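Note sheet for the following structure.
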Amino acid sequence: MLTFIVRRLVSGIVLLLVVTCGSFFLAHLAIGDPTPGLLGNSAKPAQRQALREKLGLDRPLLVQFWDWFSHAVRGDFGTSWRNFQPISEQIGLRVPVTLSVVLTATLLAALLGLVIGVASGRRPGGILDRCLKFASVVLFALPGFWVSLVLIMWFAIQLRWFPAVGYVSPDESVLGWLRSITLPSIALALSAIVMVAEQLRNGFFEVANQDFVRTLRARGLSTRRITVHVLRNASPAALTVLALTFVGLLGGAIVVELVFNLPGIGTLTQSASQIGDIPILLGLTVVTIVFVVIVNFLLDLVLGWVNPKVRDQ
Amino acid sequence: MSAVYDPLVALDKNARPIPALAKSWKYSADHRELTMHLRVGVRFSDGEPFDAAAAVANLRHLKTGTRSGEVYRAVESITAAGADTVILGLRKRDDALLYFMGLGRSWMAAPAAIRAGTLAGKPVGSGPYTLDTAGTTSGSQYTFGKKRRHWDSGRYPFATVRLFPITDQTASLNAMLSGQLDVNYANPMNIPQARQNGWNIASKVATSVGIQFADHTGKRLKPLGDIRVRQAICYAFDGSAILRAVASGAGTVSDQLFPVGEPGYEPGLDRRYAHDLARARQLMAEAGYPQGFPVTMPMSQPYQQLQPAAEQTLGQLGIRVSWQNMSQPDYQKNAPTYPMFLAVLALDANPAATVVNRITSRSWYNPDPSVNAFPELSRILGELGTAAGDRRPELIRRLDTALVGLAWQNVWYQADNTYFSVRGIKVTPITGMMFPTLRFIQRG
């Protein structure tokens, strides 16, 4: 198991390095000289040169990369090109907001997906199974902002159970925090729930018809114990979908953050992209990749635990 | 800002400068020296006293600021005279200085916090409220608690003020509908919904919308140096139709740079360029451009709703536009390099401020003021620089008439800023302030 963990860790770090390096060089090569964008076409050459020197862009690209990289590994992503505020601070304030919503949505997707998926898989063609099929078509087709607006109209404006906008830090009020992330999390989770449920349902149905399950039944095992065995064999695909869902939700959070006015990394990504603030975009890229690597690592661990054969692959 | 900080000068509901931390002021006979007498007994929330030394430190700090510094361009020296008097020495007469100070360029902060550079994260002022950090979530919600003692406490009726920075207008409307907000900077399109909910609606002209001519002398685009071409463009646009289509009618059709209903505005001038396409085409032909001419203009997301009207109307005169797309921040940086561009620009309730902001000072929307190339303008502006107070209204009227006659800018209409507030709260909008300060949000 230790070799398995070390192997996964090393591959995660390699992925982090490759994507980070690629992002740095691609961003700089794509934008070239950012000073006209930062200062405008009317800026004089001397002003542009002064800004290039201030930003350190007059140095060779490899030197710039090493400077950025050597600081980034210590968590220092430099300062924004627009407002010269430390990027680590800006990202640090926003990560908890996005993670609160995305992790809650993933948790909802895992729990509800499990319950619905197993229930549907046990009675294929039943009412719940047909509802799941219908819901998966509808919820995949509905755009996230529309779902968000419907939730706001109903639960925030009509019933006034939850706030329509804003984020409350758990330091300020745990209840307020829960209320502020409930609707955004549901908006994000709805399509993920049916996706996980659908995967589990199919896996469950497939495994439940295998010979070993028939043997288990013949040996008189309880339905509960058989369900556990089936679930263990059916879960890898659903777990993979769940991990992919987390990564997808991280990207899809932009729309939900805008509609619910949440100060997360989605809205920061949007504003930094609009103004071409490369240091912020690089910082966000690294943070996102770290999340992806962590999630993939955890997924590998769980898959290795569920199916020991995976460890040897 | 107005929760935590007190200004030296405030504005009344007619945008006239009134005392705040500066109890009174007086200009010297030649208007080159402004002496301000300060309120005594005021303290910042960190315990530091507000006195002349603190005011000097603040004014010097404001003078070095990128935006605030523009207001203090004419200020040459800032000195303390005793414990409660400050003297501003001016390079030249500046009749807009007090207005701009009242507009939000004279907030006083604790000098220690200025020196430490910590104001962005921890504001320290002498204002009626203090930031409640426990009730604040950065970027989402800021809570301010009212101080027990404040020199102007009676003006601020709310024990707690919560501020939600919301950029998306649908989100802010939803927040108001759900009861999270009591006051909202609103989209005029939602006025029927506001009426349905029984909210108070307050509106006032705030911006001029139209085409900014940045090249009055034809240096970069020869046709624009011809007054007939500029006038033709003014005649061609149907401001009333654009106002209805783009801004739900929330505004007033006007050709002027001076805000409707404020000093300097002349109602009679608004029909000068009543929509007349035939007249526009005739002027283009007289100027020697019957087939029009090509022009390149910048384009950015906020102006996209105006783009079809601009393209279609200019096209009717044969003016063929090539649009160059760019991001919003780049628009302001690059617009000055184009001879003309679409612009939505803030209006000022103070005529002297309008003269400075829109005519004589170099800025992104006025890269080449070029008033010297127009003798009449130059003469009136020269007289304004020395005229006594009672002569100024007449000179401003003459200036306004001259600007409209020269088709200085192509203003389609003046758009309103609209605010919704729940029953029991009243907002008084001020032209020049996008968000009225707390003194303009009252019970009522």
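The values are calculated or read from the model by the stated rules, or taken from the named source; none is laboratory data. The structure displayed is predicted, hence computed values, not measured ones. Here the Cβ positions follow ideal geometry from the backbone for every residue, glycine too, while neighbour counts run over all protein chains shown.
Quick one: is B:Met101 more than 22 Å from B:Gly47 (Cβ to Cβ), outside any loop (DSSP other than H, G, I, E, B) and away from chain A (no Cβ under 11 Å)?
In short, yes.
Counting just the residues of the range B:116-146 that are in contact (Cβ under 8 Å) with a residue 60 or more places away in the chain and assigned to a loop (DSSP other than H, G, I, E, B), which one comes out farthest from the other protein chains (Cβ to nearest Cβ)?
B:Ser126
Those residues that are surrounded by 13 or more Cβ atoms within 10 Å (Cβ to Cβ) and within 15 Å of B:Gly127 (Cα to Cα), I need them from the range B:156-174; list them, please.
Hits for the range B:156-174 are B:Tyr156, B:Pro157, B:Phe158, B:Val161.
Which residue out of B:Ala171, B:Ala113, B:Ala194, B:Ala175 is assigned to a helix (DSSP H, G or I), more than 9 Å from chain A (Cβ to nearest Cβ) and under 26 Å from A:Asp171 (Cβ atoms)?
Answer to the selection: B:Ala113.
Scan the range B:77-93 and give yes if some residue there is on the phi < 0 side of the Ramachandran plot, among the aliphatic types (A, V, I, L, M) and touching a Lys or Arg at 6+ places or on another chain (Cβ under 8 Å), otherwise no.
Scanning the range B:77-93, I find at least one residue that is on the phi < 0 side of the Ramachandran plot, among the aliphatic types (A, V, I, L, M) and touching a Lys or Arg at 6+ places or on another chain (Cβ under 8 Å), so the answer is yes.
List every residue pair whose Cβ atoms sit under 9 Å apart, with the two residues 6 or more apart in sequence or on different chains, where the first one lies in the range B:323-339 and is within 9 Å of another protein chain (Cβ to nearest Cβ) and the second, anywhere, is among the small types (Gly, Ala, Ser) and assigned to a strand (DSSP E or B).
Hits for this filter: B:Ala335/B:Ala343; B:Pro336/B:Ser363.
Please give the number of the condition A:Ser273 fails out of (1) under 24 Å from A:Gly144 (Cα atoms); (2) at pLDDT 80 or above.
Of the numbered conditions (1) under 24 Å from A:Gly144 (Cα atoms); (2) at pLDDT 80 or above, the odd one out for A:Ser273 is (2).
Please verify whether the range B:361-373 includes one or more residues that are in contact (Cβ under 8 Å) with a residue 12 or more places away in the chain, more than 14 Å from chain A (Cβ to nearest Cβ), part of a loop (DSSP other than H, G, I, E, B) and hydrophobic (A, V, I, L, M, F, W, C).
Looking through the range B:361-373, none of the residues is in contact (Cβ under 8 Å) with a residue 12 or more places away in the chain, more than 14 Å from chain A (Cβ to nearest Cβ), part of a loop (DSSP other than H, G, I, E, B) and hydrophobic (A, V, I, L, M, F, W, C).
Kindly list the number of the only condition in (1) touching a Pro at 6+ places or on another chain (Cβ under 9 Å); (2) within 9 Å of chain B (Cβ to nearest Cβ); (3) basic (Lys, Arg) that fails for A:Arg201.
(2) is the only condition that A:Arg201 fails.
So how many residues does the range A:139-185 have that are among the acidic types (Asp, Glu) and more than 9 Å from every other protein chain (Cβ to nearest Cβ)?
Within the range A:139-185, residues that are among the acidic types (Asp, Glu) and more than 9 Å from every other protein chain (Cβ to nearest Cβ) number 0.
For the range B:15-98, please list each of the strands (runs of 3 or more DSSP E) lying entirely inside it that holds at least 2 residues being crowded, with 21+ Cβ neighbours inside 10 Å.
Because the criterion is at least 2 residues that are crowded, with 21+ Cβ neighbours inside 10 Å, the strands (runs of 3 or more DSSP E) in the range B:15-98 that meet it are B:33-38, B:85-90.
Specify the residue that is surrounded by the most Cβ atoms within 10 Å (Cβ to Cβ); the eligible residues are those in the range A:250-268 that are at pLDDT 85 or above and within 23 Å of A:Leu15 (Cα to Cα).
A:Ile265
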